[in-house]
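Here's the structure, in structure tokens; my notes come after.
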């Protein structure tokens, strides 16, 4: 269809709904099965439904008394921090959006772009400032005040750095996600904002008005120049 080269599948919103705790990590051919416990969800689980685990879209594979299981392929274990999970690890959980659900964060697909490394966690009053070092594949899609999903959490880029970014965490985020446990050196799953990815590709391919430049988006925090 002319003028619509992209189809966005809205799966998650980056608002964490539960924290689960890993109880078993079972080796399986071609990957692992993660078993975790969590407080009861208000809505019953459906067979094969999609749930984001630390921002990774996984399929509910099995259920047993008080536990749910997910199969994770070797490639996913290598490309995300799920391969580092052990018994006792806490993970962020969000069920896939349904038609009519509120979009409280931003559009998140559950397909992690890469992992970053926590460079520092600094208390700022009741909040915390977190700096994350990221590869260029992620850095190239970030803009100041733009969105990024970190371990499935919808966060705002407070500061864009040469090789990473900084975010500020309020007490609610620290209490309701596993980022209250975050420490220097931790690996975090990163997914750039879908809208930023689309705008960058259109800018680089010359589809935007001449006054619009992707470099301008990344260098300034005020509104972009008028296209008129």
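The values are calculated or read from the model by the stated rules, or taken from the named source; none is laboratory data. All values reported here derive from a predicted model rather than from experimental measurement. Here Cβ is always computed from backbone atoms with ideal geometry, including for glycine, and neighbour counts include all displayed protein chains.
Select from the range 86-100 the residues that are touching a residue at least 24 places away in the same chain (Cβ under 8 Å) and closer than 14 Å to residue 11 by Cβ and write down the one among them that is surrounded by the most Cβ atoms within 10 Å (Cβ to Cβ). Result: 94.
Here is the figure for the range 168-193: residues that are surrounded by fewer than 19 Cβ atoms within 10 Å (Cβ to Cβ) and within 16 Å of residue 20 (Cβ to Cβ) total 4. Count of the range 53-80 residues, restricted to those that are within 19 Å of the chain's Cα centre (by Cα), touching a residue at least 24 places away in the same chain (Cβ under 8 Å) and not in a strand (DSSP E or B), is 6. Tell me yes or no: at least one residue of the range 35-46 is modelled with pLDDT of 90 or more and under 20 Å from residue 111 (Cβ atoms). No; the residues of the range 35-46 include none that is modelled with pLDDT of 90 or more and under 20 Å from residue 111 (Cβ atoms).
Taking the numbered list (1) over 21 Å from the mean Cα position of the chain (by Cα); (2) surrounded by 12 or more Cβ atoms within 10 Å (Cβ to Cβ); (3) farther than 23 Å from residue 13 by Cα in turn, residue 83 passes all entries but (1).
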